[in-house]
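Asker: The structure that follows is given in the form of structure tokens.
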Amino acid sequence: MISGKAKVCGIMAYPVEHSLSPMMHNFYAGQMGIDFAYVPFKVPEDMVEAAVKGAYALNLTGMNITVPHKQRVIPCLKELDPAAESIGAVNTLVRMEGGFKGYNTDAPGLLRAMTEQGMEIEGKDCLLIGAGGAAKAAAFVLGSRGAASVVVLNRSESRGWELAEDMNRRFGRAFMTAMALKDYEKLPAKAWLAVQTTSVGMAPHRDQAPIEDREFYKSIRNAVDVIYTPFKTRFMSRVEEAGGRAVGGLDMLIYQGIEAFELWNPEQKVPCHVISRAREMMIKELER
Ligand code: ATR
């Protein structure tokens, strides 16, 4: 039941109709008996500032922000979490005195998806496939969790280097380098931890992977794909066929939501059995 005292949150996106977040957050609130409501807001780019002001005036507890507003929302905030500042993207707003504070829960969501599967980052040699927005959050996680080295493999090598140099500066250590995706055969043989952040392999292009060559996958020990449609990508299948372990984007999506839900309800921790049920529900929804 939603009472007059309910905390109200929502997601701001354009389009918003495809979002699984309302289902996810209302499910947690229902399962945990929290007086909370979460609704979709379809906001065009030129209305982002008005929408953030309006959300504050309407006493919203927080918001999720997604494509295409994750950067545009930053100047509208009262405060910015340092990790979100380094990543340059905000996906969660939390109400504070006089405005909203911006966070990025994609990064802790990725980290939690990996740690729940026992994938360690500290001391590992990593491959980061892609150099866009999702890669930046992943690079931040790898850097802040002590990756020994990260090679950015990107179609455009210069964009890969831009990301690598930005992160090397931020972390004050030269742990990142870049290479053109087509040159993957030049990589030294290592037990890589790979994070796939491009859109290659996303439905309807399920029969694609950023690298097709099965030889490449033999040197991958652990892998994450940020794509969640399909929830088992061709990239993940290739890793598993070659004997490695792979985590998909659905776990990341779930844990970024959990991190946001816990920022809005700091006195609550979403229990594991509720997370598992949400996962089943989302798989059903994605299969529809
Ligand atoms: P996002 O914010 O989702 O990461 P993005 O900023 O548009 O999206 O980045 C998309 C990433 O996927 C980039 O690394 C892009 O490579 P380029 O920087 O060379 O453009 C990569 N990408 C997209 N389509 C690709 C393809 N067909 N083959 C290889 N890489 C691709």
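The values are calculated or read from the model by the stated rules, or taken from the named source; none is laboratory data. No experiment lies behind these values; they were computed from the predicted model shown. Don't worry about glycine lacking a Cβ; one is built from the backbone with ideal geometry, like all the others, and counts go over all protein chains shown. For accessibility, only protein heavy atoms count, side chains too; no ligands or nucleic acids. Shrake-Rupley method; radii C 1.70, N 1.55, O 1.52, S 1.80 Å.
Asker: For the chain, set up a GNM with springs between Cα atoms under 10 Å and report which of 66, 92, 197 has the largest fluctuation.
Answerer: 66
Asker: How big is the gap, in Å, between the Cα center of the range 249-281 and the Cα center of the range 13-84?
Answerer: If you average the Cα positions of each part, the centres end up 16 Å apart.
Asker: When averaged across all projection directions, what area in nm² does the alpha-carbon convex hull of the range 41-124 cover?
Answerer: 6.5 nm²
Asker: Over the C-alpha atoms of the chain, what are the Rg and the largest Cα-to-Cα span, Dmax, in Å?
Answerer: That works out to 19.1, 62 Å for Rg and Dmax.
Asker: Multiply the residue gap between residue 287 and residue 85 by 0.36 nm, knock off their C-alpha separation, and tell me the result in nm, one decimal place.
Answerer: 69.2 nm
Asker: In the calculated pair distance distribution of the range 237-288, what percentage of Cα-Cα distances lie above 12 Å?
Answerer: Result: 71 percent of Cα pairs exceed 12 Å.
Asker: Something else about it: Just to confirm, what accessible area per residue do you get for the range 15-79 at 1.4 Å probe, in whole Å²?
Answerer: I get 51 Å² per residue for the range 15-79.
Asker: Please give the FRET efficiency for residue 203 paired with residue 6, using the beta carbon to beta carbon distance and R0 = 30 Å, rounded to the nearest 0.05.
Answerer: 0.30
Asker: Give me the percent of accessible area attributable to carbon and sulfur for the range 32-190, probe 1.4 angstrom.
Answerer: 50 percent
Asker: Can you compute the radius of gyration and Dmax for the range 190-280, using only the Cα atoms, both in Å?
Answerer: Values for the range 190-280 (Cα only, Rg and Dmax): 15.2, 48 Å.
Asker: Using the Kirkwood radius over C-alpha pairs as Rh, can you work out the diffusion coefficient of the range 124-173 via Stokes-Einstein at 10 °C, viscosity 1.306 mPa s, in µm² per second?
Answerer: Answer, rounded: 150 µm²/s.
Asker: Counting only C-alpha contacts under 8 Å and six or more residues apart, can you give the relative contact order of the range 203-253 as a whole percent?
Answerer: In percent, rounded to a whole number, it is 40.
Asker: Let me ask something additional. Over the alpha carbons of the range 77-176, what is the largest minus smallest coordinate on each principal axis, giving the biggest first in Å?
Answerer: Cα extents, longest axis first: 42, 33, 24 Å.
Asker: Now a separate question. Looking only at Cα atoms, what is the convex hull volume of the range 22-82 per residue, in Å³?
Answerer: For the range 22-82, the hull spanned by Cα atoms encloses 109 Å³ per residue.
Asker: Taking only Cα atoms, what is the 0 to 90° angle, nearest 10, from helix 21-32's long axis to the longest principal axis of the chain?
Answerer: 70 degrees
Asker: Another question, if that's okay. If one takes the longest principal axis of the Cα atoms in the chain, at what angle in degrees, from 0 to 90 and to the nearest 10, does the Cα axis of helix 249-264 lie?
Answerer: Tilt relative to the chain: about 40 degrees.
Asker: Ignoring ligands, DNA and RNA, what accessible area per residue does the range 137-288 give at 1.4 Å, in Å²?
Answerer: For the range 137-288, the per-residue accessible area is 49 Å².
Asker: Extending each Cα 7 Å along its Cβ direction at residue 74 and residue 242, get the distance between those two points in nm, one decimal.
Answerer: Reported label-point gap for residue 74 and residue 242 is 3.4 nm.
Asker: Please enumerate, by chain and number, the lysines with C-alpha under 25 Å from the C-alpha of residue 190, excluding those fewer than 8 residues away in the same chain.
Answerer: Of all the lysines, those that pass the test against residue 190 - Cα under 25 Å, at least 8 places apart if same chain - are 124, 136, 182, 218, 232.
Asker: Still on this structure, I have one more. Considering only C-alpha atoms, what is the centroid distance from the range 143-214 to the range 220-247, in Å?
Answerer: Centre-to-centre distance over Cα atoms comes out at 15 Å.
Asker: Find out how many positive minus negative residues lie around residue 24, taking Lys and Arg as positive, Asp and Glu as negative, among other residues whose Cβ is under 14 Å from that of residue 24.
Answerer: Surrounding charge for residue 24 is -2.
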